[in-house]
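The values are calculated or read from the model by the stated rules, or taken from the named source; none is laboratory data. All values derive from a computational prediction rather than experimental measurement. Cβ atoms come from the backbone with ideal geometry, glycine included; neighbour counts cover every protein chain shown.
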Amino acid sequence: MNTLHQVDGALHVEGVSLEALAARFGTPLYVYSRAALEAAWQAYADAFAGTPHLVCYAVKANSSLAILNLFARLGSGFDIVSGGELARVLAAGGDPGKVVFSGVGKTTDEMRAALAAGILCFNVESESELYRLDRVAGEMGRRAPVSFRVNPDVDPKTHPYISTGLKENKFGVAIADAPRLYRLAAGLPNLEIVGVDCHIGSQLIDLSPLADAADRVLTLVDTLAAEGIALHHIDLGGGVGIRYRDETPPDLAAYGRVLARKFAGRREKLLVEPGRSLVGNAGLLLARVEYLKPGEDRNFAIVDAAMNDLMRPALYEAYHDIVAVRPRAWPAQRYDMVGPICETGDFLGFARDMAIEEGDLLALLSAGAYGMSMASNYNSRPRAAEVLVDKNEIHLIRERETISGLMSGERLVY
């Protein structure tokens, strides 16, 4: 998080003290930097400046309305995977004409809502979905804009849970089967073919698989053109990784130059769907140490954040750097950083060397992506508040949930 720095011995985000944020809003607390969000966006704008393109932010990474609104005002499109995400984009002022709808299980109601909104494209992921979309569009008296999400069978060299472009994955259609499916779509009365889509995985540090996938998709596009099926856009998905620990972040400018060469002279617009790389390192999770618990084999630091607040470590064994907001002067001890959830899998980090005491504040870094968007109420824990820091200004963008709020929709049976 490039806007994180020390002032008078304590960590600040932009011009605001994390200690002051904790005192005002409590913990756990998600904290985002507007400067970091805008810098990440600008990196994409600069990287693809020479190629006609549209950045469609992957809403699943972080769907907070204030963040969606910020990207919308920068000119962003959006990649959605549910009707709920569509509703959030519209509520945040996003342009439905810049929305692509991905996902393997679109419902009839979701299709209707997206058609009524006038989205840019449905990324179709099965033959059955194609027939349903044609039927729904016909019932509404509309033509649905479609592309197929093709599976290029490229190994993204990432965690298997976030690999999406291999032939054994549930996503997309086999690229070898795509010409037949495009011919089928061309013959359906309520569909309009507009593009092609692929997405091979997430947290990609080596971008060569993305370039390989692009080559396979471009070959398909040329095959379709030879059959008289012309496309308006080519969507190469997202997946660009960030630094969590010791990774070397990909050179986005170099990737832009590679795609500029591949798209030179082509008529199709380039679409990309970044998520993590726009928000991941723009956010952190602020937590407080409740107890230090020494043990025979290991020491535990029990904090007030848990797997319901930040699921990634429990789900993927993902690493998040954890730093003290105000480092202590004494020698560090090794701790497993755990939460209060009643699960052995409730951990935030193992074997961290830290000089801390009970009551200290900790910052869990690189938590802007798949943090709040994956949060839950497990153990009846209210979800954290969120704040956005803009230089010296503080904006509460989501209030902390309350216990009474969690129960408000429930009813007793007598």
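State all residues of the stretch 222-238 that are out of contact with any helix residue (DSSP H, G or I) (no Cβ under 7 Å at 6 or more places or on another chain) and crowded, with 19+ Cβ neighbours inside 10 Å; if no residue qualifies, say none.
Correct list: 233, 235, 237, 238.
From the set of residues in the stretch 337-395 that are surrounded by fewer than 17 Cβ atoms within 10 Å (Cβ to Cβ) and among the hydroxyl-bearing types (Ser, Thr, Tyr), which is modelled with the lowest pLDDT?
344
Among the residues in the stretch 265-281, are any modelled with pLDDT of 95 or more and over 27 Å from residue 233 (Cβ atoms)?
yes
Residue-by-condition table, conditions (1) assigned to a strand (DSSP E or B); (2) modelled with pLDDT of 95 or more; (3) over 15 Å from residue 124 (Cα atoms); (4) in contact with a strand residue (DSSP E or B) (Cβ under 8 Å, 6 or more places away or on another chain):
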site	(1), (2), (3), (4)
67	no, yes, yes, yes
79	yes, yes, no, yes
84	no, yes, yes, no
93	no, yes, yes, no
97	no, yes, yes, no
100	yes, yes, no, yes
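Please work out which residue is nearest to the chain's Cα centre (by Cα), limiting yourself to the stretch 241-265 and to residues that are closer than 28 Å to residue 313 by Cβ and basic (Lys, Arg).
Result: 243.
Given the options 288, 243, name the one that is outside the structural domain of residue 195 (by TED's automatic domain parsing) and basic (Lys, Arg).
288
Give me a count of the residues in the stretch 5-55 that are touching a residue at least 12 places away in the same chain (Cβ under 8 Å) and part of a strand (DSSP E or B).
12
What pairs can you find where one residue is in the stretch 104-121 and in contact (Cβ under 8 Å) with a residue 12 or more places away in the chain, the other is surrounded by fewer than 13 Cβ atoms within 10 Å (Cβ to Cβ) and not in a loop (DSSP other than H, G, I, E, B), and their Cβ atoms are less than 7 Å apart, with a gap of 6+ or different chains?
So the pair list comes out as 118/97; 120/97.
Can you give me the number of residues within the stretch 337-383 that are touching a His at 6+ places or on another chain (Cβ under 8 Å) and not small (Gly, Ala, Ser)?
Final tally of qualifying residues: 3.
Which residues, taken from the stretch 201-230, are of a type in the set (D, E, K, R) and not in a loop (DSSP other than H, G, I, E, B)?
Those that are of a type in the set (D, E, K, R) and not in a loop (DSSP other than H, G, I, E, B): 212, 215, 216, 222.
What single numbered condition from (1) within 17 Å of the chain's Cα centre (by Cα); (2) crowded, with 20+ Cβ neighbours inside 10 Å fails to hold for residue 315?
Evaluating residue 315 over (1) within 17 Å of the chain's Cα centre (by Cα); (2) crowded, with 20+ Cβ neighbours inside 10 Å leaves (2) as the failure.
With a cut-off of at least 2 residues that are under 21 Å from residue 377 (Cα atoms), name the strands (runs of 3 or more DSSP E) lying wholly within the stretch 293-363.
299-303, 333-338, 347-354
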